[in-house]
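Structure first, commentary second.
The values are calculated or read from the model by the stated rules, or taken from the named source; none is laboratory data. All figures in this text were calculated on a predicted structure; none of them were measured in a lab. Cβ placement follows ideal geometry from the backbone for every residue including glycine, while neighbour counts extend to all protein chains displayed. In case anyone asks, the SASA skips ligands and DNA or RNA and just uses the protein heavy atoms, side chains included. Shrake-Rupley method; radii C 1.70, N 1.55, O 1.52, S 1.80 Å.
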Amino acid sequence: MAKRYAMVIDLRRCVGCNACTVACKQEWPDKIPPGEFRTKIKEIESGKYPNVKMVYRRTACMHCADAPCVKACPVEPIKASRKTPEGITIVDEKLCIQCGACVEACPYKVRYLNTDNKINDKADSCNFCYPRLQKGEKPACTINCVGKVFTFGEINDPEVQKKLKLAKPLKPEFKTKPSVYYIPFGTRKWDTI
Amino acid sequence: MAVSRREFMKLSGAGAIALLFGDQFRAFEVIAQEKGLDTKIVHTVCQVCSGGCAMKAYVRDGRLVELRGNPDDQISRGILCVKGISAIQWLYDPDRIKFPMKRTNPQKGIGVDPQFIRISWDEAYATIAQKFNEYKEKFGPESIAFIMRPQNFAQRLAKAIGTPNYISHHNTCYTTQEVVWGATVTGKGKPWTQDYANAKYILSFGWDMPGKAKNMQTQNFLAAIDKGAKVTVLDPRYTPTASKADLWIPIKPGTDLAFALAMINVIITQNLYDKQFVDDFTVGFDEVKEFIKPYTPQWASKITEVPAQTIEKVAKDFATMKPAIVATHKRDAAGPNYANSWRLAHAQVILMGLVGTIDRLGGHIMERMPKFPSLDSVYPAPPYPKPKAARVDGMEKFPLLLKTGKGSFSTFHRAVLEGKPYPIKAALVRKHNVFAFPDAPSMVEALKKLEFMVVLDIHPSEMIQLADIVLPDHHFLEGSAIVGRQYFGLYPQVAIQQPVIKPLYETRGFRSIIPELGRAMGLGDYFKDVSPGGYDEACLKAIGTSMEELKKSPNGLWGEAKPFVPTKEFNTPSKKIELYASEFKKYGYDPLPAWKEKKVKPSKEYPLYFVTTRPPVFIHSTLQNLEYNIQIYPENLCYINTETAKKLGVKDGDYVMVESPVNKIKVKAKVTEGIRPDTVCVDHGFGHWSKGMTKAYGKGSNEGDLIPAQSTQEMLDANDPSMSENMNDLCVRVYKA
């Protein structure tokens, strides 16, 4: 049985510094073109002065079990946009035909189609740092976080389970069964796409 | 390779993926192993800020690929901040200065190509030595200025030359706090360890270190919240720190002092102070008690526009939720931002003294650094020539600041422009840029006026563009040192900084350059046997260890955890915390922080308060040339309240002009509910004009251009012991660009 992974992001603790964003770009220098990001912090402001509230939300591929990007991929017989046995959503750049169907299909808008053909001119999004997982390491974004925002591991890991009790997916109404969960910050608005 | 779907389904794991898709999804380690590449972990120390986080560097096949915090370090505890991890990009930035250079274009200025050509280190030293000696001879040693942070090797060279002009940027950064803590508590400067993790109540006057992702402070701040601490933030802007607070009070800029005074009033009149601590460890309580009478919450309410009952509630909570801490670092409301900031710093010391959290867990902790010997005791020097002239930045007139060894770069440039009290001909500059400083255009003019400027740096900054000789420093990941725990140390601990990779270019370490330069100048007697390695070894010997032992240490650290022993004697004339500061009295300053307004208030012409902030992906103007960081934050923003923006016809993302009495800049508007309607906030550190900084060049505008510079006389007239540059004490008008 292949491992299944989950990521829990604690919105109460994020200060919005984008260390995760930098770590991601540094991990994938040859894959992510200038100005594009696999992950980024979204700032979500709500309320009126002086009763304003803010949530900083790390936003990237949700690694949905029922992934619209996979369904939308027209490449056959092996899809370019597909799931690994561990439930991770990947783009196989050798097979991708740059049609952009997956980018259109993603309800979370976390995949981009790279038009800069100098590097990786294919569809691209977070792959949970799949190569790192192979050697038992965690995704690059989770390593140096001053807010200790991330909990990442096998879905049955007790630490992950503990956090999952407090967490929920972003926009569950999309019914895509994401592997990324968020611990809300009180009643603050946090689910803007 | 053709693989059917069925075959694909049969395959599993990394091997199958690798087989199918080459190296795209394979772990570097797996590839490295196959290719017989070398993988190692090197212990070192982050030098992006002065914090000193111990780090682990992952080096594969001679290339640094990842940085992590050292889990046994008191500061980093296994985590680095966004700036720390970005050091990889800095190290490998192709824009770095690669070898010594000299200028061939005699013209200097913004947009002027210096036409640098490569020279050898020997030629660089010989040129500098000849020029410096010539100016020393003709115009006196005082005509040569050192512009850099206090550093013992460089201070020795300055003293050997005989110049009093060792100048640094600190009066734009934290001299207010430095001088106040020195006079009232430490005898030297501000303590940098704050034990937020054990605090039950955290009160911020514009402190926003979590918003800057300051590693140790953010970790400890969030740990306190986890344990149920209450947080109150006073800040004109809704900062990331405010977003974690129980209460955000959008205080009117520059009125924090009134709020703090009213808190002291409540705590004393309602008998909420820690009587035991006050009796045992402070002096001056009776004077404070008398002094504070007029500063009631009702009085403060009129000034701050905060309801009196809110002030009273905060005061009561602060005094009763023990231990309570005033969160403060640099450039917050108690940093050199307003004419009354040093008074606020003093009021903060009084607040902490009243609730007994100075050098107590949950409070501000006195330095517990290892006791290293001075350079002079390790390498005794021949007598130094006595400087014949006073400093050009006027610091002798501020004796309490002079004691700290910090300087005033912001008055230096005026002295250079006016040629008074004497002409400055040459300078040796390190890690100071023309940014950040008030009236930056005049600063450029001043530096252009120098006949000979030597600049040491890593990146080809704007300062480099004005240099006659450029000396390339090692990047810290290429250098060696031993580092005490600067920004968080509950017990003495030392971390080893060692080269992670071999230097990429023809660079040298700063502490090697200085003795070499000294010898070239004929000052070899002062640098006999002086070497960084020898000095570090002597320091380690003094604490009972050695470089060999530290290199062998499994975690790159020295120093066992020790139980916290609270300080009973403070380094002041009375050996107690001086709520009433006898040192201030002695030098003619207010011994108690009487209310004084900030200097500039909104007018018809300039109706908006001006404050600044710094995005967490940069450290001031440094790191802006990092490819990924500047992509994340590509230009600076002007934060403006929704209502105000509506009145000005400005929409989110529009460009606006921000204009002060001295200059105007163009920046992008960020329309938000999270700022006072009468205030705008501009990000600091942008507006690079050096074409050598290919990624940062032309991004955003320098808000330092808006800030009027102060003269030494104005600072004297303000009777402020810290030479505060009043970085936010101005008002502006904003209109659509």
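Taking amide H positions as placed in the peptide plane 1.01 Å from N, state which residues far from B:Phe116 in sequence (5 or more) or on other chains have amide H under 5 Å from it.
B:Thr104
Rounded to whole Hz and in sequence order, give me ³J(HN,Hα) for segment B:109-115 from the Karplus expression 6.51 cos²θ - 1.76 cosθ + 1.60, θ = phi - 60°, writing x for Gly and Pro.
x, 5, x, 8, 6, x, 6
Would you mind giving the mean number of other chain beta-carbons within 10 Å of the Cβ of each residue in B:471-481, as a whole number?
0
In whole percent, and with a 1.4 Å probe on the protein chains, what portion of the accessible area of the protein assembly as shown is carbon and sulfur?
Ligands and nucleic acids excluded, carbon and sulfur reach 52 percent.
Name the residues whose placed amide hydrogens come within less than 5 Å of the amide hydrogen of B:His684, ignoring near sequence neighbours (fewer than 5 apart) on the same chain.
Amide H neighbours of B:His684: B:Thr613, B:Arg614.
For the interface of chains A and B, what total accessible area is buried with a 1.4 Å probe, rounded to the nearest 100 Å²?
That pair hides around 4600 Å² of surface in total.
Each label point is 7 Å from the Cα along the Cα-to-Cβ direction; what then is the distance between the points at B:Lys289 and A:Lys175, in nm?
In this crude label model, B:Lys289 to A:Lys175 measures out at 7.3 nm.
Every cysteine in chain A with no other Cys Cβ under 4.7 Å from its Cβ, please list them in numeric order.
If one checks each Cβ against the other cysteines of chain A, A:Cys14, A:Cys17, A:Cys24, A:Cys64, A:Cys73, A:Cys96, A:Cys99, A:Cys106, A:Cys129, A:Cys145 turn up with nothing under 4.7 Å.
Take the residue pairs A:Lys165/B:Lys670; B:Lys190/B:Lys212; B:Lys403/B:Lys568 and return only those whose Cα atoms are more than 28 Å apart.
A:Lys165/B:Lys670
B:Leu579's amide H: which non-local residues (gap 5+, or another chain) put their own amide H closer than 5 Å, with H modeled 1.01 Å from N in plane and none for Pro or chain starts?
Here B:Val283 satisfy the definition.
Which value, in Å², gives the accessible area per residue of the protein assembly as shown when a 1.4 Å probe is used on the protein heavy atoms?
37
Which whole-angstrom value gives the distance between the alpha carbon centres of segment B:635-687 and segment B:515-534?
First find each Cα centre; the distance between them is then 51 Å.
What nm value, rounded to one decimal, do you get for the distance between A:Lys189 and B:Lys528 when each label is placed 7 Å out toward the C-beta?
7.4
Could you pull out every one of the aspartates and glutamates with an alpha carbon less than 16 Å from that of B:Lys601, ignoring same-chain neighbours closer than 8 positions?
Within the straight-line cut-off, B:Lys601 pairs with B:Asp256, B:Glu305, B:Glu659, B:Asp678, B:Asp729.
Over the Cα atoms of chain B, how large are the radius of gyration and the largest Cα-Cα distance (Dmax), in Å?
For chain B, the Cα-based Rg and Dmax read 26.5, 90 Å.
Give me the extension gain from B:Lys664 to B:Arg63: residue separation times 0.36 nm, minus the current Cα-Cα distance, reported in nm with one decimal.
211.9 nm
Report, in whole Å, the centroid distance computed from the Cα atoms of segment B:216-243 and segment B:262-280.
Segment B:216-243 and segment B:262-280 have Cα centres spaced 25 Å from each other.
Suppose only helical runs count, i.e. DSSP H with n ≥ 4. What mean residue ellipticity at 222 nm does that imply for chain B under -39500 (n - 2.57) per run, divided by all residues and rounded to the nearest 500 deg cm²/dmol?
-8500 deg cm²/dmol
Give me the number: length gained by fully extending B:Phe99 to B:Ser711, i.e. 0.36 nm times residue separation minus the C-alpha to C-alpha distance, one decimal in nm.
Separation in residues times 0.36 nm, less the Cα-Cα distance, equals 216.6 nm.
Starting from the Cα gyration tensor of segment A:1-52, take the square roots of the eigenvalues, sort them a ≥ b ≥ c, and report rounded, prolate or oblate (rounded when a/c is under 1.5, otherwise prolate if a/b is larger than b/c, else oblate).
Judged from the Cα gyration tensor, segment A:1-52 comes out oblate (a/c at least 1.5, b/c at or above a/b).
Might you list the cysteines of chain B that have no disulfide-compatible partner by the rule of another cysteine's Cβ under 4.7 Å?
Here B:Cys49, B:Cys81, B:Cys173, B:Cys539, B:Cys638, B:Cys681, B:Cys731 come out as lacking a disulfide-compatible partner, given the Cβ-Cβ threshold of under 4.7 Å.
Could you give the dipole magnitude of segment B:608-736 about its Cα centre, charging the beta-carbon of Lys and Arg +1 and that of Asp and Glu -1, in debye to the nearest 20?
Result for segment B:608-736 is approximately 660 debye, rounded to the nearest 20.
Using only the Cα atoms of segment B:608-736, what are the Rg and Dmax in Å?
Here Rg and the maximum Cα pair distance are 15.6, 46 Å.
With both bridge residues required to lie in segment B:608-736, what share of the DSSP beta bridges run antiparallel, to the nearest 5%?
Restricted to segment B:608-736, the bridges split so that about 60 percent are antiparallel.
When Rg is the radius of gyration of the Cα atoms in the protein assembly as shown and Rh is its Kirkwood radius, what does Rg/Rh come to?
My calculation puts Rg/Rh at 0.97.
Over 25 Å between Cα atoms, which of A:Lys3/A:Lys162; B:Lys83/B:Lys322; A:Lys3/A:Lys177; B:Lys371/B:Lys406; A:Lys48/B:Lys695; B:Lys449/B:Lys598 qualify?
Check vs 25 Å cut-off fails for B:Lys83/B:Lys322; A:Lys48/B:Lys695; B:Lys449/B:Lys598.
Show me the trypsin sites (Lys or Arg not before Pro) within segment B:290-382 that DSSP assigns to loop and that have at most 12 other Cβ atoms within 10 Å of their Cβ.
Answer by residue number: B:Lys371.
Go through segment B:597-688 and name the GluC sites (Glu not before Pro) that are in a DSSP coil and have 11 or fewer other Cβ atoms within 10 Å of their Cβ.
B:Glu605
Can you pull out the trypsin sites (Lys or Arg not before Pro) in segment B:188-234 that DSSP calls coil and that have at most 12 other Cβ atoms within 10 Å?
Filter output for segment B:188-234: B:Lys227.
Could you compute Rg(Cα) / (2.2 N^0.38 Å) for segment A:1-151, with N its residue count?
1.09
Using label points projected 7 Å from each Cα along Cα→Cβ, tell me how many nm separate A:Gln98 and B:Glu396, to one decimal.
Result: 7.1 nm between the two label points.
Tell me which of A:Pro139, A:Phe150, A:Ala72 sits at the most positive position along the dipole axis of the protein assembly as shown, charges placed on C-beta atoms (Lys, Arg +1; Asp, Glu -1).
So the residue we want is A:Ala72.
Say R0 is 22 Å: what FRET efficiency, to the nearest 0.05, do A:Lys162 and B:Asp226 get from their beta-carbon distance?
0.95
Compute the separation of the alpha-carbon centres of segment B:351-393 and segment B:543-621 and state it in Å as a whole number.
Between the Cα centres of segment B:351-393 and segment B:543-621 lies a distance of 12 Å.
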